[in-house]
Amino acid sequence: MINTQAFFDTKTNTVTYLVWHDESREALVIDPVLDYEPHAARLDTYSADGVIKAVEDKGLTLTWVLDTHAHADHLSAGHYIREKTGAKLGIGAHIEQVQSFFHPFFGAPNEPIHTETFDALFKDGQTFQLGDNTVKVLFTPGHTAACVTYLIADMAFVGDTLFMPDYGTARADFPGGNSSILYKSIQKILSLPETTRIMVGHDYRPEGRDVHRWESTVADQRKNIHLNGKTEADYVEMRDARDATLSAPRLILPALQVNIHGGALPPVERDGHIYLKIPINRI
Ligand SMILES: [Fe+2]
């Protein structure tokens, strides 16, 4: 039997999931948050430590820490949890493409693609085990080029492809994003059995709903306010028009430069400190 517990980060509206197999006590974490206060450039690990404590309290062994994509709105605690627990870190194989765009963007055109911070670069359809349960990875690009969905038992962890049905879908205007590709990925998710539980990566609580929610079903998502009855052309028009009005996420610059390496920070410089880069007028 597969169980899950969600952790909601109110600062970035991110949902982190702990998923475990009851009998074997094997566990994995999806989309953990590394806390970052941008005004003082201060990092903290209380969110990730809370997840690690839950793993210990339940007597679980963490075997995998997974990102659904290189997030632009929060820093990933993937690398931190990998170092702390020995769990393997996995992400979609197209992260290499995302690195090749963002290395030059952050002023390092000669930095080669490097993936030593990851233990697995998943291909479409690739599977791995959680106890006696088979986890399947589906490519679901569009929000970014490297987005994947993790299928575990009756659940689909869809990252930022879909949000709750009363809120809509993710933006597709980041470098490598594409609204037509996102539409096709969403259709792939909606073709799963209709009772499949859809576990989303964020909730922003639309007006009129006072609690955060992150779980729906394929049947619910077929009525998602961004999709209901829309053709691909309708969707692309709506998505692109809406994206043109959205401002850049607050943490996009620190987040992307560490998340393309699984949340690993740049090396310590000669003065003993770590520096991130802030490119001017690039967004
Ligand atoms: Fe995202």
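None of the figures in this text is laboratory data; all of them are computed from the coordinates on show. A quick note: this is a predicted structure, and the numbers were derived from the prediction, not measured. Every residue, glycine as well, gets a Cβ built from its backbone with ideal geometry; the counts of neighbours run over all protein chains shown.
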Legend entry - In sequence order, calculated HN-Hα J values of region 73-87 (Karplus, 6.51, -1.76, 1.60; Hz; x Gly/Pro): 10, 8, 7, 7, 8, x, 5, 4, 5, 4, 5, 6, 10, x, 5
Legend entry - Environment charge at P267 (Cβ cut-off 15 Å; Lys +1, Arg +1, Asp -1, Glu -1): -3
Inset, instruction - Just name one of S247, V15, V135: the one whose Cα is farthest towards the positive end of the charge dipole of region 2-259 (beta-carbon charges, Lys/Arg +1, Asp/Glu -1). - result: S247
Inset, instruction - Of the listed pairs K123/K188; K184/K223; K53/K277; K188/K223, which have alpha-carbon separations greater than 21 Å here? - result: K53/K277
Inset, instruction - With runs of 4+ DSSP H residues as the only contributors, calculate the mean residue ellipticity of the chain at 222 nm using -39,500 (n - 2.57) per run, divided by the residue total and rounded to the nearest 500. - result: -7000 deg cm²/dmol
Legend entry - DSSP loop chymotrypsin sites (Phe, Trp or Tyr not before Pro) with at most 13 other Cβ within 10 Å: longest gap in the chain: 1-203
Inset, instruction - For region 169-249, count all C-alpha to C-alpha pairs, find those more than 17 Å apart, and express that count as a whole percent of the total. - result: 52
Inset, instruction - Compute the longest continuous run of the chain that contains no exposed GluC sites (Glu not before Pro); treat a site as exposed when its DSSP state is not H, G, I, E or B and it has at most 14 other Cβ atoms within 10 Å. - result: 24-115
Inset, instruction - Enter the per residue convex hull volume of region 18-110, computed from alpha-carbon coordinates, in Å³ rounded to the nearest integer. - result: 109
Inset, instruction - Indicate the gyration tensor shape class of region 2-259 (rounded, prolate or oblate), computed on the Cα atoms with a ≥ b ≥ c the square roots of the eigenvalues: a/c under 1.5 is rounded; otherwise a/b larger than b/c is prolate and the rest oblate. - result: rounded
Legend entry - Distance from region 89-143 to region 200-222 (C-alpha centre basis), Å: 27
Legend entry - Extension gain from D240 to E56, taking 0.36 nm per residue of separation minus the Cα-Cα distance: 61.8 nm
Legend entry - Cα-centre dipole for the chain with unit charges at Cβ (Lys and Arg positive, Asp and Glu negative), debye to 20: 340
Inset, instruction - Could you work out the local net charge near L192, counting Lys and Arg as +1, Asp and Glu as -1, over the other residues with Cβ closer than 14 Å to its Cβ? - result: +1
Legend entry - Unit charges at the beta carbon, dipole of the chain: most positive-side option, Y235, T217, M1: Y235
Legend entry - Cβ-defined net charge surrounding G92, 10 Å radius [Lys, Arg +1; Asp, Glu -1]: -2
